[in-house]
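Reading through the structure tokens given below for one structure.
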Amino acid sequence: MGRAFQNRKESMAKTQGQKTKVYSKYGKEIYVCAKNGGVDPDGNLALRRLIEKAKKDQVPTHVIDKAIDKAKGGGGENYEMARYEGFGPGGCMVIVDCLTDNTNRTIKDVRQAFTKTDSKIGGPGSAAHMFDHQALFSFKHDDEEAVLEALMMADVDVTDIEDEEGMMTVFAPHTEFFKAKTALTGAFPDIDFEMEEITWVPQTYTTISGEDDLANFEKFINMLNDSDDVQNIYHNAELED
């Protein structure tokens with residue numbers, strides 16, 4: 001699966017540079033998750049995973065609590081999920097996940113990011129078929145066999161394990177997220193996940209090279225990140241140094 005961890009980490013780093021937007025996006029996602037699945041993290045596993053992810057990304061507790069309190073009220077905005085797919089600069093494949101209360105505004109923002117960077121928005125499924133919906137865990141460890149054995153003993157359906165210079169990355173079907181995490185934390189009590197999430201992992205990668213394509217790719221990602229409705233961006237681009 002290649003450099004999924006590094007690509008994803010670099011993509012997240014750009015977003016995290018804008019803390020206010022990151023807090024807002026987490027707040028919106030937590031609110032929707034709590035409103036739809038219940039405000040108790042013990043009974044809403046998706047909410048628990050989201051809260052843990054938010055804390056790891058240093059989202060303040062008051063932002064999380066405010067979103068959950070808002071969901072308890074039962075009123076508030078009605079957001080819906082929207083997914084857009086297409087081909088970004090250099091022909092890379094892109095999935096853009098959004099939460100929106102105004103689909104006309106959202107599609108306008110997303111479409112502009114595509115059209116102003118020599119990219120092409122596609123229909124549903126135009127890019128997603130080239131990605132796998134996976135649970136991903138990255139952590140420092142030097143014994144791949146021990147990690148695999150811990151997962152096998154817990155009957156986790158492991159898709160792949162990569163070991164790159166002491167950084168272990170485990171891939172499993174997205175439905176196995178909590179099962180895999182429980183197995184890893186049980187076997188290695190001192191484990192410190194650098195990444196633990198459900199994501200879209202590219203099956204292949206597209207190298208982006210040349211000044212124009214590289215500049216357009218950066219502009220493309222920045223335009224999407226500037227939209228308050230965009231929650232996550234997944235792509236198979238590999239940027240040439």
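The values are calculated or read from the model by the stated rules, or taken from the named source; none is laboratory data. Predicted model only: the values in this text are computed from it and were never measured. Quick reminder, even Gly has a Cβ in these numbers, built from the backbone with ideal geometry, and neighbours come from all protein chains shown. In case anyone asks, the SASA skips ligands and DNA or RNA and just uses the protein heavy atoms, side chains included. Shrake-Rupley method; radii C 1.70, N 1.55, O 1.52, S 1.80 Å.
Looking at the chain, which longest stretch skips every one of the GluC sites (Glu not before Pro) that is in a DSSP loop with at most 16 other Cβ atoms within 10 Å, leaving the sites themselves out?
Values: sites that count: 77, 165, 240.
The longest such stretch corresponds to 78-164.
Which ³J(HN,Hα) values in Hz, rounded to whole numbers, follow from the phi angles of segment 232-240 under the Karplus curve 6.51 cos²θ - 1.76 cosθ + 1.60, where θ = phi - 60° and Gly and Pro get x?
9, 10, 10, 8, 10, 7, 10, 7, 7
Could you give me the percent of Cα pairs per 5 Å distance bin for segment 130-202, shortest bin first, beginning at zero and ending with the bin that holds the maximum distance?
Reading the bins upward from 0: 3, 18, 31, 29, 14, 4, 0, 0.
Have a look at 91, 114, 215 and report the one farthest towards the positive end of the charge dipole of the chain, computed about the Cα centre with Cβ charges (Lys/Arg +1, Asp/Glu -1).
With unit charges placed on the Cβ atoms, the residue in question is 114.
Where does the charge balance sit around residue 35 when Lys and Arg score +1, Asp and Glu -1, over other residues with C-beta under 13 Å from its C-beta? Display every interim value, and only then the final one.
Values: positive: 28, 70, 72; negative: 29, 40, 69, 77, 80, 101.
So the environment of residue 35 carries a net charge of -3.
Roughly what % antiparallel, to the nearest 5, for the DSSP beta bridges in the chain? Kindly include the intermediate steps, with their values, before the conclusion.
Working: 37 of 40 bridges.
If I count the DSSP bridges inside the chain, around 90 percent turn out antiparallel.
Once you keep just the Cα pairs under 8 angstrom separated by 6 or more residues, what percentage relative contact order results for the chain?
Working: 387 pairs, mean separation 56.8, N = 241.
Contact order relative to length: 24 percent.
Keeping every protein chain in place, order 109, 155, 229 by accessible area at 1.4 Å, biggest value first, i.e. largest first.
Reading off the accessible areas and sorting them downward yields 155, 109, 229.
For 206, 185, write out the residues from largest to smallest accessible area, computed with a 1.4 angstrom probe and no ligands counted.
Numbers: 206 35, 185 60 Å².
Descending accessible area places them as 185, 206.
Per residue of segment 91-100, in order, report the coupling 6.51 cos²θ - 1.76 cosθ + 1.60 (Karplus, θ = phi - 60°) as ³J(HN,Hα) in whole Hz, putting x for Gly and Pro.
x, 5, 9, 9, 10, 10, 9, 10, 10, 9
What whole-number value in Å² describes the accessible area per residue of segment 130-202 for a 1.4 Å probe? Walk me through the numbers before you get to the answer.
On the way: 3520 Å² over 73 residues.
Value for segment 130-202: 48 Å² per residue.
Using the structure shown, select from 53/120; 70/181; 25/140; 28/56; 21/219 the pairs with a Cα to Cα distance greater than 26 angstrom. Write out the running numbers ahead of the final one.
On the way: 53/120 31 Å; 70/181 29 Å; 25/140 29 Å; 28/56 17 Å; 21/219 17 Å.
Pairs exceeding 26 Å: 53/120; 70/181; 25/140.
Taking θ as phi - 60°, what are the ³J(HN,Hα) couplings along segment 45-61 by the Karplus curve (6.51, -1.76, 1.60), each to the nearest whole Hz, with x for Gly and Pro?
Going residue by residue, I get 5, 5, 5, 4, 4, 5, 5, 4, 5, 4, 5, 5, 8, 6, 6, x, 4 Hz, with x marking Gly and Pro.
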